[in-house]
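Since the structure comes first, as structure tokens, the remarks are kept for the end.
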């Protein structure tokens with residue numbers, strides 16, 4: 001691919017590698033469903049060793065935290081035109097309800113605003129197809145790398 | 001867990017550890033607890049698969065968040081005198097510096113222990129307690145039988 005190819009397209013091609021290259025993502029069994037401009041969808045399957053409440057068998061909220069954090073990071077990355085380092089500034093998560101036992105958790109993140117220094121990302125986590133019934137919601141801000149070449153203020157398309 | 005009396009009682013480390021041991025995800029991360037008097041410290045020994053950024057390398061932000069969440073849960077458990085495991089309603093995490101590939105510690109403070117809700121603040125650090133790598137502020141649902149914010153199980 002030429003150098004003109006948008007970063008997210010190059011990433012979509014190498015999407016699986018993004019996750020494969022992150023030891024904790026690999027340990028949780030995360031997999032990329034899709035990466036498009038400023039958006040990312042990542043899944044993690046229910047597993048016995050990831051249970052947070054042994055009485056109900058519900059997956060630990062920490063797994064959802066890690067999934068949302070990672071998916072938000074990928075979405076922020078997919079809003080860039082060239083690679084740069086990112087660091088999570090803050091992450092706010094609302095846990096609306098426990099995920100269904102045994103269900104795959106799917107996180108969908110959108111980087112809705114990118115400034116010179118900060119990426120603003122929203123994400124939802126689902127345990128089924130119903131988009132009106134999320135398990136959790138996240139709001140994250142990422143500090144974008146200090147390299148002077150980046151920082152073209154841009155708003156990703158809807 | 002068995003029914004505890006209404007007034008908080010002392011929970012010892014073995015009860016606390018038993019509660020923690022029963023949580024598969026705590027084992028997955030490898031979180032350990034240390035209790036001195038009423039001061040609880042959660043310890044996350046470093047291991048390779050906790051890495052989130054192999055270039056730096058740095059701990060996964062989600063792992064640091066999860067450690068602080070678990071610390072909050074254990075601290076509430078302690079403050080309540082050992083009841084059921086509280087459920088997280090919301091958390092807000094400030095990432096202050098990247099987590100190095102070393103052991104991480106966390107301590108929580110229950111700002112308010114209400115009838116149904118606990119407000120908790122947590123800090124995580126590595127080399128210097130006064131120089132935390134992350135801070136968490138969260139609300140937790142204390143386990144009554146059927147609490148709010150809980151529609152399905």
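The values are calculated or read from the model by the stated rules, or taken from the named source; none is laboratory data. Predicted, not measured: the structure shown is a model, and the values here were computed from it. Neighbour counts run over all protein chains shown; Cβ positions are idealised from the backbone, glycine included.
Scanning segment A:110-125 for residues that are within 13 Å of chain B (Cβ to nearest Cβ) and more than 14 Å from residue A:89 (Cβ to Cβ) yields A:123, A:125.
Listed by position, the helices (runs of 4 or more DSSP H) contained in segment A:1-51 that have at least 2 residues being more than 10 Å from chain B (Cβ to nearest Cβ) and either modelled with pLDDT under 90 or more than 17 Å from residue A:104 (Cβ to Cβ) (or both) are A:7-13, A:15-20. For segment A:52-69, state whether one or more residues are within 13 Å of chain B (Cβ to nearest Cβ) and farther than 25 Å from residue B:27 by Cβ. There is no residue in segment A:52-69 that is within 13 Å of chain B (Cβ to nearest Cβ) and farther than 25 Å from residue B:27 by Cβ. Quick check: anything in segment A:146-153 at pLDDT below 95 and in contact with a strand residue (DSSP E or B) (Cβ under 6 Å, 6 or more places away or on another chain)? No, the conditions are met nowhere in segment A:146-153. Going through (1) free of Cβ contacts under 8 Å to residues at least 60 places away in the same chain; (2) within 27 Å of residue B:121 (Cβ to Cβ); (3) surrounded by 16 or more Cβ atoms within 10 Å (Cβ to Cβ) one by one, residue A:126 falls short only on (2).
The set of residues from segment A:97-109 being crowded, with 17+ Cβ neighbours inside 10 Å, within 12 Å of another protein chain (Cβ to nearest Cβ) and either in contact with a strand residue (DSSP E or B) (Cβ under 7 Å, 6 or more places away or on another chain) or at pLDDT 95 or above (or both) comprises A:98, A:99, A:107. Could you check how many residues of segment A:95-111 are more than 14 Å from the chain's Cα centre (by Cα) and within 19 Å of residue B:64 (Cβ to Cβ)? Adding up the residues that qualify gives 1.
Scanning segment B:17-34 for residues that are modelled with pLDDT under 90, over 12 Å from the mean Cα position of the chain (by Cα) and surrounded by 17 or more Cβ atoms within 10 Å (Cβ to Cβ) yields a single hit, B:19. Within segment B:30-54, being facing another protein chain (nearest Cβ under 7 Å) and under 17 Å from residue A:62 (Cα atoms) holds for B:49, B:50, B:51, B:52.
All conditions but one from (1) modelled with pLDDT under 95; (2) farther than 15 Å from residue A:69 by Cβ apply to residue A:134; the one that does not is (1).
Looking at (1) more than 9 Å from every other protein chain (Cβ to nearest Cβ); (2) surrounded by 20 or more Cβ atoms within 10 Å (Cβ to Cβ), find the lone condition where residue A:83 falls short. Single failed check for residue A:83: (2).
Yes/no matrix, rows are residues, columns are (1) more than 15 Å from residue B:140 (Cβ to Cβ); (2) assigned to a strand (DSSP E or B):
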{"site": "B:55", "(1), (2)": "yes, no"}
{"site": "B:66", "(1), (2)": "no, no"}
{"site": "B:69", "(1), (2)": "no, no"}
{"site": "B:73", "(1), (2)": "no, no"}
{"site": "B:89", "(1), (2)": "no, yes"}
{"site": "B:93", "(1), (2)": "no, yes"}
{"site": "B:97", "(1), (2)": "yes, no"}
{"site": "B:100", "(1), (2)": "yes, no"}
{"site": "B:107", "(1), (2)": "yes, yes"}
